[in-house]
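Reviewing the structure listed below.
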Amino acid sequence: MYSEAAMFLGAGVMFVLASVGVLLFIYTGMKWTSYQNLLRKGKTVEEVMAARDRSRRKTKIENLLENIYWPSIVVLYMIISFSTNSWAWSWILFPIGGILESTIEAMFGIEDD
């Protein structure tokens, strides 16, 4: 009665529509919950804006550490290991990098959650 292509197209459209519906339910549910939490805690707009600014500053520093610091440590490790063929001790860069990362986070006031 129906062609196979039409059935596959219909099933695909059905899954796309269902996933959009689930996305909207989840998105609005998260928004609603966050608004309820703000109302329950009684925060003012100024307090929320100040917390958002602090979070953005911390996020920028954390992104800098994740996107530049650790890849540069890995590149330095590879350069040292391949150029000197000292695989036995060059791994020590990673613990040193972790210690330096903790120092940088302490300097900028980023605490672990």
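One residue is enough: does the stretch 44-53 have a residue meeting the conditions under 19 Å from the mean Cα position of the chain (by Cα) and open to solvent by 70 Å² or more (accessible area, probe 1.4 Å)?
yes
Find the residue count for the stretch 78-88, including only residues that are open to solvent by less than 40 Å² (accessible area, probe 1.4 Å) and not in a loop (DSSP other than H, G, I, E, B).
Step one: of the stretch 78-88, the residues open to solvent by less than 40 Å² (accessible area, probe 1.4 Å) are 81, 86.
Keeping just the survivors that are not in a loop (DSSP other than H, G, I, E, B) gives 81.
Adding up the residues that qualify gives 1.
Here are some conditions: (1) modelled with pLDDT under 90; (2) assigned to a helix (DSSP H, G or I); (3) surrounded by 13 or more Cβ atoms within 10 Å (Cβ to Cβ). Residue 67 meets all but one. Which one does it not meet?
(3)
Assess whether residue 70 counts as being of a type in the set (Phe, Trp, Tyr) and under 19 Å from the mean Cα position of the chain (by Cα). Reasoning before the result, please.
On the way: of a type in the set (Phe, Trp, Tyr): yes; under 19 Å from the mean Cα position of the chain (by Cα): yes.
Yes: the conditions hold for residue 70.
For the stretch 33-43, which positions are of a type in the set (A, V, I, L, M, F, W, C) and surrounded by 10 or more Cβ atoms within 10 Å (Cβ to Cβ)?
Let us first name the residues in the stretch 33-43 that are of a type in the set (A, V, I, L, M, F, W, C), namely 38-39.
Once the filter is applied, which keeps residues that are of a type in the set (A, V, I, L, M, F, W, C) and surrounded by 10 or more Cβ atoms within 10 Å (Cβ to Cβ), the stretch 33-43 yields only 38.
Search the stretch 89-113 for residues being assigned to a helix (DSSP H, G or I) and aliphatic (A, V, I, L, M), and hand back the single one that is farthest from residue 55 (Cα to Cα).
The initial filter retains those residues of the stretch 89-113 that are assigned to a helix (DSSP H, G or I), namely 90-108.
Still in the running and aliphatic (A, V, I, L, M): 92-93, 96, 99-100, 104, 106-107.
On the way: 92: 32, 93: 30, 96: 27, 99: 23, 100: 22, 104: 17, 106: 15, 107: 16 Å.
Among residues in the stretch 89-113 that are assigned to a helix (DSSP H, G or I) and aliphatic (A, V, I, L, M), the one farthest from residue 55 (Cα to Cα) is 92.
Name the pairs whose Cβ atoms lie under 6 Å apart, with the first residue in the stretch 1-25 and part of a helix (DSSP H, G or I), the second among the aromatic types (Phe, Trp, Tyr) and open to solvent by 70 Å² or more (accessible area, probe 1.4 Å), and 6 or more positions between them or separate chains?
none
Restricted to the stretch 89-108, and to residues that are out of contact with any Phe, Trp or Tyr (no Cβ under 9 Å at 6 or more places or on another chain) and in contact (Cβ under 8 Å) with a residue 24 or more places away in the chain, which residue is most open to solvent (accessible area, probe 1.4 Å)? Lay out the reasoning, then the answer.
Let us first name the residues in the stretch 89-108 that are out of contact with any Phe, Trp or Tyr (no Cβ under 9 Å at 6 or more places or on another chain), namely 89, 92, 95-96, 98-99, 102-103, 105-108.
Narrowing further to those that are in contact (Cβ under 8 Å) with a residue 24 or more places away in the chain: 105, 108.
Details: 105: 32, 108: 91 Å².
Filtering first and then ranking leaves 108.
The values are calculated or read from the model by the stated rules, or taken from the named source; none is laboratory data. All values reported here derive from a predicted model rather than from experimental measurement. Backbone-built Cβ (ideal geometry, glycine too); neighbour counts: all protein chains shown. The protein model used for the area step is the full one, side chains on, heavy atoms only, and it has no ligands, DNA or RNA in it. Shrake-Rupley method; radii C 1.70, N 1.55, O 1.52, S 1.80 Å.
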